[in-house]
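Have a look at the structure below, then the notes.
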Amino acid sequence: MVTLRSVVRGVGSYLPARVLTNAELSTLVDTSDEWIVQRSGIRERHIAAEGETTSDLGLAAARAALAAAGMDAQDIDLIVLATSTPDRTFPASATTIQDRLGIRHGAAFDLQAVCSGFVFALSTADKFLRSGSHKRALVIGAETFSRILDWTDRTTCVLFGDGAGAVVLEAQEQPDGLAGRGILTTHLRSDGRHTAKLYVDGGPSLTQTVGHLRMEGREVFKHAVGMITDVMNDAYAATGTTSDDLDWFVPHQANKRIIDASAEKLKIAPEKVVITVDRHGNTSAASIPLALDVAVRDGRIREGHLVMLEAMGGGFTWGSALIRW
Ligand code: ACO
C-alpha cells in the first residue's frame, strides 16, 4: 500500500551577520551573562541590520533550502511563511518572497501562530500537498523580533533574536505506515484565554502602531512543558511510537530549561535533543527550521531518521510534527 506524503527534500537557513552577545546586552540593560545563561541557556543572538527585512531573511533561507533540495524556484507551487514580524501589515511577506524568487504561479501566504508558526505552517502545507492540490511547498519561518522588542525591558529583550529557516516539501507516493518517508502526523492546539501572558501591545486595528512584545515569563513557563508534552503524546498515540523510537527531538528554541524539562518528562535522552538556543536565542517561528538546518548540515539528521518537532507560543498556540526524514 502506498500513500501520498509530504517529504522533506531540503532545508536551509539564514542568520543576519550581526551577533549580539550577553556581555554587550549587559551594557544596555541591567542584566548579566550569568543571569541570561542560567535562566535561558542563551549566550548570543543575531540581529537584522538596519533595512534588512523579514522577507530578506526568508528569501535567503528559501534559496538555501532550494539549493539543498537541488530544485529550481519554478518547481515550487506553494509558499507558506510563518511570521509574526512581516515587512508590512499587508501584502503577505510570502508574496514578496514569491516575487523575488520569480515565481508567477501557485499561491503564497503568511501564517501567524507566533513561536508555533513553523509547526502550524508545516501542518498546513502538508494538508495542501496530501490533498493533491499542490506538489512542492516552501515552508519558511522568518522573524525580525528585534523590531518589536522593548530594548529597555530586561525581562524580554535578552531572550529573542532574528533569523530564518526553510524546508522544501514534495508530495510523493510513499509506503504506508511508519517506514515511509514524510510527515507522519501533526497536532495543533490553541487557547486564546492566555493572550495576556504573551502579546504585542500594538497593532493596526487596536493602536495603529506596531507595538512591543510583553510577556509574563513565569506564567508562560508554567504552561509550556505540559502543553508541549501533551501534543507530543498525541503524535505518539497517532503513530504507535514512543520516545524510544525517536532519532532526534528538535524543539522550538525558547529556553533551555523548558527544552530540558520537556525531554526529561518524556524520557528523551539528552543526546537526541538538538539545541541552538545558546547561539540563536528565541527566533520564534524561525527557530525550528534554523535548528533543523544545523543538525542536517552537521550530519546528525539523515534520511530515514524519525524526527519530532514541537513548539509553544503566544495565543497560546502549541503543536507537534513527527517526520520520517
Ligand atoms: N537580568 C537580570 N535579572 C532579571 C532579568 C534579566 N534579564 N529579567 C528579569 N530579572 C529578574 C526579575 O526582575 C526577578 O527579580 P526579582 O526576584 O527581584 O523580582 C528575577 O530576575 C527573577 O525573575 P523571573 O521572571 O521569576 O525569572 P525566571 O526564572 O522565571 O526566568 C524567564 C525568566 C527566562 C523569562 C523564564 O520565565 C522563561 O523562560 N519563561 C518562558 C519564556 C518563553 O519561553 N517565552 C517564549 C514563548 S514563545 C513565543 O510565543 C514568543
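Values quoted throughout were computed directly from the atomic coordinates according to the rules given, and no laboratory measurement underlies them. Computed from a predicted structure; not experimentally measured.
I need the shape label for segment 39-103. Rule: rounded when a/c is under 1.5, else prolate if a/b > b/c, else oblate, with a, b, c from the alpha carbon gyration tensor.
Numbers: a/c = 2.24, a/b = 1.45, b/c = 1.55.
Verdict is oblate for segment 39-103.
Once you divide the Cα radius of gyration of the chain by 2.2 N^0.38 Å, the number left is 0.93. DSSP assigns beta bridges within the chain; of those with both partners inside it, close to 75 percent run antiparallel. Pairwise Cα separations in segment 146-236 fall into 5 Å bins from 0 onward with the following percentages, short to long: 2, 9, 13, 15, 16, 15, 11, 9, 6, 3, 0.
At 20 °C and a viscosity of 1.002 mPa s, what translational diffusion coefficient does Stokes-Einstein give for segment 182-324, taking Rh as the Kirkwood radius over Cα pairs? Give it in µm²/s as a whole number. The calculation lands on 135 µm²/s. Please report how many Lys pairs in segment 182-324 have alpha carbons closer than 21 angstrom, counting only residues at least 8 apart along the chain or sitting on separate chains. Total qualifying Lys-Lys pairs in segment 182-324 comes to 8.
Relative to its Kirkwood radius, the Cα radius of gyration of segment 1-155 gives an Rg/Rh of 1.04. At 222 nm, what value in deg cm²/dmol follows for the chain if DSSP H runs of at least 4 each add -39500 (n - 2.57) and the sum is divided by all its residues, to the nearest 500? Estimated from H runs of four or more residues: -9500 deg cm²/dmol.
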